[in-house]
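Below is the structure I would like to discuss, written out as structure tokens.
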Amino acid sequence: MIELDFEFLPQSLHPVLRLYQERLNENDGAVLDSLRPVLAERELEQSLCRLWAGSEYAAELCLRNPQWIVELQEQGELDPDQEKDHAGELERLLRPHREAEELDLDALKHCLRRHQQKQMLRLIWREIANIGTVRQSAAEVSAQASAVLDQTLAVLHEHACREHGEPRGARSGKPQQMVVIGMGKLGAGELNLSSDIDLIFAFPEGGETRPTEEGARSLDNQQYFMRLGQQLIDVLDSQTADGFVYRVDMRLRPYGSDGALVCSFDAMENYYQVQGRDWERYAMIKARVVAGDREAGASLLSRLRPFVYRRYLDFSAFEALRSLKQQINKQVRRKGMNRDVKLGPGGIREAEFVVQALQLVHGGRDRSLQAASLYRAMEGLEQGEYLPDGVVAELRESYDFLRDLEHKLQGFANKQTQRLPAGKEEQLRTAIAAGYSDWADLESDLAHHREQVGRHFANVIRSEEDDEAQHHEVEEGELPALWKQELDDERAQQVLSDLGFEPAQESWQLLCDFRRERQFLTLPAESRQRFNRFMPLLLATLAEEERPGVGLPRVMKMVEAVARRTAYLVLLIENPGAMKQFVRLCTASPFIADFLSVYPVLLDELLDGIDQPPEKTELQDELAQQLLRIGEEDFEAQMEYLRYF
């Protein structure tokens with residue numbers, strides 16, 4: 001009989017812990033004899049009791065597999081200083097399956113699921129015992145997932161080659177392997193305890209397999225890798241008596257659920273260049289090769305990088321993320337998800353959006369921001385001073401708290417959830433897992449962190465409501481109707497005259513001529529919508545100058561120059577201060593107006609304000625810092641920045 005001391009835990013949890021203890025004692029004498037010396041260690045006994053209090057799932061794993069308690073302790077798996085070789089362990093575990101003459105899929109599935117359950121027990125135990133930071137814990141979960149994907153794919157690929165022959169490229173003649181790209185938190189190396197894994201499958205080039213057996217039929221590479229991908233998903237995702245290894249989500253691939261399961265590199269590059277959407281740019285920030293041919297995968301991601309990161313400051317990212325957040329808010333309101341620590345107000349998603357919006361805006365220029373890991377991107381934002389002092393530190397603190405709580409919520413029953421529990425017992429058990437003595441204290445800290453994240457989110461990415469408030473005065477007037485030519489000529493000229501545009505007839509004619517130009521008429525719908533937001537704001541800002549009629553033809557030179565690159569218009573829409581500076585300088589100086597129309601990339605400089613010329617030492621420091629961010633090996637990028645500077 002084993003008697004555990006759980007008096008240090010709240011009385012209300014004693015009945016469930018006593019039940020767990022009774023079930024443990026139902027094991028035979030040999031099992032209990034092996035457990036006694038391990039549980040004689042007071043620290044481990046308390047750790048086990050806290051684990052059972054904080055995770056129903058971990059308790060069940062312990063009770064079904066009591067020998068794992070002994071093994072984890074004896075093998076040092078709960079040692080905070082131990083570094084685990086996930087890939088090496090999986091390679092040894094799966095070697096018999098790889099070397100077997102015929103592949104037994106059922107045996108492979110059983111082996112992987114048992115291994116995964118033991119690792120989940122280890123990871124949840126370390127989480128509740130507060131061994132390491134949440135960042136280290138997420139990195140461990142990601143390393144485990146990458147190892148499972150890589151080693152399982154190696155087994156399946158080897159057996160597929162024996163059956164169908166090795167796939168080779170038609171152009172290169174080289175052997176082909178599949179590339180597995182991890183997306184989302186797996187790609188970032190920051191996977192949750194119980195999360196889907198978002199994947200994209202690709203292969204380098206078309207061709208066919210070369211069977212070794214006489215008379216065997218060859219397969220087209222696309223067909224070979226599609227079968228291989230389907231088999232990999234089945235091995236990991238299918239529900240057996242042992243459960244599953246990972247839920248696999250393939251919806252982020254080109255064309256989503258309607259697209260081919262696996263694409264060639266050329267097909268992927270063509271898709272993102274021609275049809276890639278804003279949300280896919282956001283998703284591709286976190287893309288990372290997690291299994292298969294890593295060298296070829298790195299080459300693919302390099303080819304896709306220009307789609308993600310633009311060479312200019314790309315403020316259209318704010319538009320895209322604001323739209324995404326608006327959709328999330330509708331979902332939150334519709335489904336009553338305010339208690340969701342991921343999607344609710346001040347939650348994980350808002351913290352991620354703040355960082356990733358700035359990555360998309362500045363990442364084309366600053367390579368330190370081209371990081372799949374959110375934590376590494378935060379370091380880049382801090383070093384580059386893209387946010388005010390202390391903001392990144394506060395975001396990191398709150399993000400750590402929210403992610404840690406998310407892990408505790410998911411570790412309780414091994415469910416992919418971010419919703420706060422409603423029941424009193426589960427609330428208390430979650431609080432214990434998170435290191436609190438009661439739920440009220442946890443909720444108080446949670447409220448503080450959500451407020452902190454929400455405030456920084458509002459400062460960086462205005463909500464739709466804020467955006468509407470900013471444009472309310474302009475929208476209430478007649479400028480939007482004037483720009484869209486919904487007013488007759490007489491009324492339009494009167495509106496312009498009232499705002500100081502003299503001669504009003506010439507100003508009106510200039511706007512009408514621009515709308516009739518071919519380059520405007522052939523703009524895509526999205527660009528036209530941006531013009532519909534930009535032009536009324538531009539006219540309203542010009543009206544604040546002493547000579548708006550003089551300024552209009554000058555600013556229109558730049559507008560015409562960037563008509564097909566409307567991201568520059570978004571820069572001015574998103575930054576009212578830069579819009580005012582742009583209008584003031586162009587009105588005052590035809591040279592500046594002409595110069596900006598030739599080099600619109602210099603609109604970026606208006607963001608910081610130009611109060612006085614910088615000192616030479618300031619210029620030297622700025623140049624040195626920017627070149628350091630580019631890196632010594634990238635000569636082309638260095639020369640491009642020098643030209644810009």
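Mind counting the residues in segment 235-248 that are in contact (Cβ under 8 Å) with a residue 24 or more places away in the chain, surrounded by fewer than 17 Cβ atoms within 10 Å (Cβ to Cβ) and not in a loop (DSSP other than H, G, I, E, B)? Full working, then the answer.
Taking segment 235-248 first, the residues in contact (Cβ under 8 Å) with a residue 24 or more places away in the chain are 235-236, 238, 240, 242-248.
Retained after the next criterion (residues that are surrounded by fewer than 17 Cβ atoms within 10 Å (Cβ to Cβ)): 238, 240, 242-244, 247.
Then drop every residue that is not not in a loop (DSSP other than H, G, I, E, B), which leaves 240, 243.
Counting residues in segment 235-248 that are in contact (Cβ under 8 Å) with a residue 24 or more places away in the chain, surrounded by fewer than 17 Cβ atoms within 10 Å (Cβ to Cβ) and not in a loop (DSSP other than H, G, I, E, B) gives 2.
In this structure, is GLY336 in contact with a Ser or Thr (Cβ under 6 Å, 6 or more places away or on another chain) and farther than 30 Å from LEU121 by Cβ?
No: the conditions fail for GLY336.
Let me ask something else about it. Examine segment 462-472 for a residue that is at pLDDT below 95, farther than 30 Å from VAL16 by Cβ, polar (S, T, N, Q) and open to solvent by less than 60 Å² (accessible area, probe 1.4 Å), and state whether such a residue exists.
Yes: one or more hits.
Name the residues in segment 429-450 that are under 27 Å from the mean Cα position of the chain (by Cα) and over 22 Å from PHE6 (Cα atoms), would you?
GLU443, ASP445, LEU446, ALA447, HIS448, HIS449, ARG450
Only one of ARG305, ARG339 is under 30 Å from HIS456 (Cα atoms), over 18 Å from the mean Cα position of the chain (by Cα) and open to solvent by 50 Å² or more (accessible area, probe 1.4 Å); which?
On the way: ARG305 fails: over 18 Å from the mean Cα position of the chain (by Cα).
Just a single option satisfies the conditions, and that option is ARG339.
Which numbered condition in (1) closer than 23 Å to PRO600 by Cα; (2) touching a helix residue (DSSP H, G or I) at 6+ places or on another chain (Cβ under 7 Å); (3) hydrophobic (A, V, I, L, M, F, W, C) is the only one that ALA504 fails?
Answer for ALA504: the failing condition is (1).
Listed here are the residues, each with its yes/no results for (1) more than 13 Å from VAL180 (Cβ to Cβ); (2) within 23 Å of the chain's Cα centre (by Cα); (3) modelled with pLDDT under 95.
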site	(1), (2), (3)
ILE197	no, yes, no
GLU214	yes, no, yes
PHE225	no, no, no
ILE233	no, yes, no
VAL245	yes, yes, no
SER264	yes, no, no
ASP278	yes, yes, yes
GLY292	no, yes, no
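For segment 448-461, give me the residue count where each residue is within 25 Å of PHE315 (Cβ to Cβ) and open to solvent by less than 40 Å² (accessible area, probe 1.4 Å).
In the first step, residues of segment 448-461 are kept if they are within 25 Å of PHE315 (Cβ to Cβ); the result is 452-461.
Applying the additional criterion that residues be open to solvent by less than 40 Å² (accessible area, probe 1.4 Å) yields 452-454, 456-457, 460-461.
Here the count works out to 7.
Can you name the residue in segment 308-319 that is within 17 Å of the chain's Cα centre (by Cα) and open to solvent by 20 Å² or more (accessible area, probe 1.4 Å) and, of all such residues, is modelled with the lowest pLDDT?
GLU319
For residues in segment 497-525 being part of a helix (DSSP H, G or I) and of a type in the set (Ser, Thr, Tyr), which is least open to solvent (accessible area, probe 1.4 Å)?
Taking the candidates together, the pick is SER507.
Restricting to segment 542-553, name every residue that is surrounded by fewer than 22 Cβ atoms within 10 Å (Cβ to Cβ) and either of a type outside the set (A, V, I, L, M) or touching a strand residue (DSSP E or B) at 6+ places or on another chain (Cβ under 8 Å) (or both).
Passing the criteria: GLU544, GLU545, GLU546, ARG547, GLY549, PRO553.
Which of the residues that make up segment 346-364 are in contact with a helix residue (DSSP H, G or I) (Cβ under 8 Å, 6 or more places away or on another chain) and either over 23 Å from ALA393 (Cα atoms) or surrounded by fewer than 17 Cβ atoms within 10 Å (Cβ to Cβ) (or both)?
none
Every residue in segment 374-408 that is at pLDDT 95 or above and polar (S, T, N, Q), please.
SER398
Inside segment 78-96, can you point out the residues that are open to solvent by less than 30 Å² (accessible area, probe 1.4 Å) and either part of a loop (DSSP other than H, G, I, E, B) or among the basic types (Lys, Arg) (or both)?
Hit for segment 78-96 is LEU78, nothing else.
Within segment 125-133, can one find any residue that is farther than 29 Å from ARG429 by Cα and open to solvent by less than 20 Å² (accessible area, probe 1.4 Å)?
no
May I ask you to list the residues in segment 183-232 that are touching a residue at least 40 places away in the same chain (Cβ under 8 Å), among the aliphatic types (A, V, I, L, M) and open to solvent by 20 Å² or more (accessible area, probe 1.4 Å)?
Scanning segment 183-232 gives a single hit, ALA216.
Filter segment 97-143 down to residues that are part of a helix (DSSP H, G or I), hydrophobic (A, V, I, L, M, F, W, C) and more than 25 Å from the chain's Cα centre (by Cα), then give me how many there are.
Number satisfying all stated conditions: 8.
With the requirement that a residue be open to solvent by less than 50 Å² (accessible area, probe 1.4 Å) and of a type in the set (Lys, Arg), what does segment 249-268 give you?
Within segment 249-268, ARG253 is the sole residue that qualifies.
Please specify each residue of segment 4-25 satisfying the condition of being under 19 Å from LYS424 (Cβ atoms) and free of Cβ contacts under 8 Å to residues at least 24 places away in the same chain.
Residues satisfying the conditions are GLN11, HIS14, PRO15, ARG18, LEU19.
Could you list, in sequence order, the residues of segment 365-386 that are under 19 Å from ARG305 (Cα atoms), surrounded by fewer than 18 Cβ atoms within 10 Å (Cβ to Cβ) and of a type outside the set (S, T, N, Q)?
Correct list: ARG367, ARG376.
Can you tell me which residue in segment 105-156 is nearest to GLY88 (Cα to Cα), limited to those that are in contact with a strand residue (DSSP E or B) (Cβ under 7 Å, 6 or more places away or on another chain) and among the charged types (D, E, K, R)?
Looking at residues that are in contact with a strand residue (DSSP E or B) (Cβ under 7 Å, 6 or more places away or on another chain) and among the charged types (D, E, K, R), I get ASP150.
Spot the failing condition for ASP445; the list is (1) touching a strand residue (DSSP E or B) at 6+ places or on another chain (Cβ under 8 Å); (2) surrounded by fewer than 19 Cβ atoms within 10 Å (Cβ to Cβ), and only one is missed.
It is condition (1) that ASP445 fails.
Go through the residues of segment 574-588 one by one and say whether even a single one is free of Cβ contacts under 8 Å to residues at least 40 places away in the same chain and under 19 Å from ARG310 (Cα atoms).
Taking every residue of segment 574-588 in turn, none turns out to be free of Cβ contacts under 8 Å to residues at least 40 places away in the same chain and under 19 Å from ARG310 (Cα atoms).
The values are calculated or read from the model by the stated rules, or taken from the named source; none is laboratory data. Quick caveat: nothing in here was measured; it's all calculated off a predicted structure. All Cβ positions, glycine included, derive from the backbone under ideal geometry; neighbour counts span all protein chains shown. For the accessible areas, the whole protein counts, side chains as well, though only heavy atoms, and no ligand, DNA or RNA atoms are used. Shrake-Rupley method; radii C 1.70, N 1.55, O 1.52, S 1.80 Å.
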